[in-house]
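Below: the structure, in C-alpha cells.
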C-alpha cells in the first residue's frame with residue numbers, strides 16, 4: 001500500500017478529478033485472467049473460470065480492470081486523500097449470468113457524487129446529489145435504459161473491502177453478504 005500511495009503522489013493524484021483524469025487515460029476495461037492473458041470482453045463461462053480480483057497495485061501494473069478491480073483502486077486513493085467514499089455493488093437476479101456493476105460514490109460538503117470509470121458511457125464524476133439513494137436510482141435507471149436490462153430483481157449493497165486474489169464466484173458470494181437492500185427498499189422511480 002505504501003508503494004501505491006507513493007505512486008499516486010508521483011502521478012499527482014490529489015483530488016477526485018485528478019484520479020478520474022488519470023484513470024481515463026491509463027486504465028482500460030478488461031481483466032487479467034488466471035492464465036495471464038488480458039481479455040477486454042466478458043464472456044460468461046470463460047470470465048467465471050478465469051477472473052481474479054486484482055489488488056490496486058496489480059491494476060496499476062496491468063492497466064486493465066473491470067469495475068470490481070477499478071473501485072478498489074478508487075477506494076484506496078480516496079481513503080488516502082481522506083475523502084468519504086462508498087462502493088456500491090448492484091446485481092440482478094437473472095440467471096445464468098447475473099449482471100453486476102460496482103461503482104464509487106464520494107461525499108464532499110454533505111453532497112454525494114457518482115464516480116464512474118469502467119462504464120464508458122458514463123465515465124466521469126456526476127453530481128452533486130443529496131443522497132446515496134438518488135445515485136442508486138440514477139445508476140439503476142441507466143442500466144435499465146442503456147443496457148436494456150429488465151427493471152426488476154435488482155439488489156444493492158455497500159461493498160466492504162474484499163480480499164484480493166479471489167475468483168468470480170468468491171467475489172459474488174462476498175458481495176452477496178454485503179447486500180443492504182433490494183429494489184423496493186430504494187424507492188426507485190422512473191427517470192424520464
Between residue 160 and residue 123, what length in nm is gained on full extension when 0.36 nm per residue of separation is reduced by their alpha carbon distance?
-> 11.0 nm
How big is segment 2-186 by Rg and Dmax over its Cα atoms, in Å?
-> 15.7, 44
Protection proxy (average C-beta count within 10 Å per residue), highest first, orders 52-62, 119-129 as 52-62, 119-129
Work out the FRET efficiency for residue 176 and residue 12 from their Cβ-Cβ distance, taking R0 = 41 Å, and round it to the nearest 0.05.
-> 0.65
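For an R0 of 35 angstrom, estimate the FRET efficiency from the Cβ-Cβ distance between residue 49 and residue 146 and round to the nearest 0.05. Present the calculation step by step, with values, prior to reporting the outcome.
Working: r = 28 Å, r/R0 = 0.80.
The pair residue 49/residue 146 has a calculated efficiency of 0.80.
Bear in mind that the values in this text are calculations on the coordinates, not laboratory data. This is a predicted model, so every value here is computed, not measured. As a convention, Cβ positions derive from the backbone with ideal geometry for all residues, glycine included, and neighbour counts pool all protein chains shown.
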